[in-house]
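Participant: Encoded as structure tokens, here's the structure I'll be asking about.
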Amino acid sequence: MEYDNILNTQRNIIYKDRDRLSEEDIIEVILKIAKAEIDKIISRYLSGREKGEDIDEKFVAAEIKKLTGIEIHYKIIKHLSADEIFNEVKYRFYNKIAPYNKESIRKYFREIALNIVDTAWNDYINTISELQKEVQLQVYGHKDPLTEFQLQSFELFNNLVYEIQMRLLKNIFFAKLENVLEDEQ
């Protein structure tokens, strides 16, 4: 029963996020995720520099390109703040989608997003089912199976949420928009 309560709480969070993807402007949701990830990249860059690590503007440029497919030359990045870098990514993303019908783009992106969430959640359910079986064996190691399940499922769930966000970013930023043109015709 406790296992089900944990899973129900996680399901509610995922379904709430899924509803948000359906109801809110999908482009704004994706840009919020992109902003948070770009901030993390810049933070890693700054903290690495403070520690004397060999992290430079090329690292930032490569990470942003890997995340969004958008290339900003490292010499430009050197002179920009995190907000300015994000605004440049946002500007280029809007330019990429500008030739297309806004509603068609949003519909296309929403379909991508919901598919990602549904697929990831189904995979997670399978993983959690296996975890539930595995933690029962913890009794033999004098560990509480429920506590082990809570700890491991919490970590798995956090990984799931992060993985969904990364898939959303990459699939939408790297989306082939020719498919949108086909839908418009």
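The values are calculated or read from the model by the stated rules, or taken from the named source; none is laboratory data. Source: prediction; values computed, not measured. Please note: Cβ atoms are built from the backbone with ideal geometry, for glycine as well, and neighbour counts cover all protein chains shown.
Participant: Have a look at L80, L114 and point out the one that is among the hydrophobic types (A, V, I, L, M, F, W, C) and in contact with a Ser or Thr (Cβ under 8 Å, 6 or more places away or on another chain).
Facilitator: L114
Participant: Name the residue, out of I70, I77, that is buried (at least 17 other Cβ atoms within 10 Å of the Cβ), farther than 23 Å from E178 by Cα and among the aliphatic types (A, V, I, L, M).
Facilitator: Result: I77 is the single residue among I70, I77 that is buried (at least 17 other Cβ atoms within 10 Å of the Cβ), farther than 23 Å from E178 by Cα and among the aliphatic types (A, V, I, L, M).
Participant: Give the residue that is nearest to Q132 (Cα to Cα), with candidates limited to residues of region 3-21 that are at pLDDT below 90 and surrounded by fewer than 11 Cβ atoms within 10 Å (Cβ to Cβ).
Facilitator: Among those that are at pLDDT below 90 and surrounded by fewer than 11 Cβ atoms within 10 Å (Cβ to Cβ), it is D4.
Participant: Restricting attention to region 86-127, which residues are within 15 Å of A34 (Cβ to Cβ), of a type in the set (F, W, Y), surrounded by fewer than 19 Cβ atoms within 10 Å (Cβ to Cβ) and in contact (Cβ under 8 Å) with a residue 24 or more places away in the chain?
Facilitator: none
Participant: Considering region 140-184 alone, what residues qualify as being of a type in the set (G, A, S), over 21 Å from I13 (Cβ atoms) and modelled with pLDDT of 85 or more?
Facilitator: A175 - this is the single residue of region 140-184 that is of a type in the set (G, A, S), over 21 Å from I13 (Cβ atoms) and modelled with pLDDT of 85 or more.
Participant: Among the residues of region 130-139, is there at least one that is at pLDDT 90 or above, of a type outside the set (A, V, I, L, M, F, W, C), surrounded by fewer than 15 Cβ atoms within 10 Å (Cβ to Cβ) and assigned to a helix (DSSP H, G or I)?
Facilitator: yes
Participant: Looking at region 58-67 only, could you name the residues that are surrounded by 16 or more Cβ atoms within 10 Å (Cβ to Cβ) and without any contact (Cβ under 8 Å) to a residue 40 or more places away in the chain?
Facilitator: The answer is F59, V60, A61, E63, I64.
Residue-by-condition table, conditions (1) at pLDDT 95 or above; (2) not in a helix (DSSP H, G or I):
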{"site": "A34", "(1), (2)": "yes, no"}
{"site": "K40", "(1), (2)": "no, no"}
{"site": "Y45", "(1), (2)": "no, no"}
{"site": "E53", "(1), (2)": "no, yes"}
{"site": "A61", "(1), (2)": "no, no"}
{"site": "K75", "(1), (2)": "no, no"}
{"site": "I85", "(1), (2)": "no, no"}
{"site": "F93", "(1), (2)": "yes, no"}
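Participant: Another question about this same structure. Checking K32 against (1) surrounded by 18 or more Cβ atoms within 10 Å (Cβ to Cβ); (2) under 18 Å from Y162 (Cα atoms), only one condition comes out false. Which one?
Facilitator: For K32, the failing item is (1).
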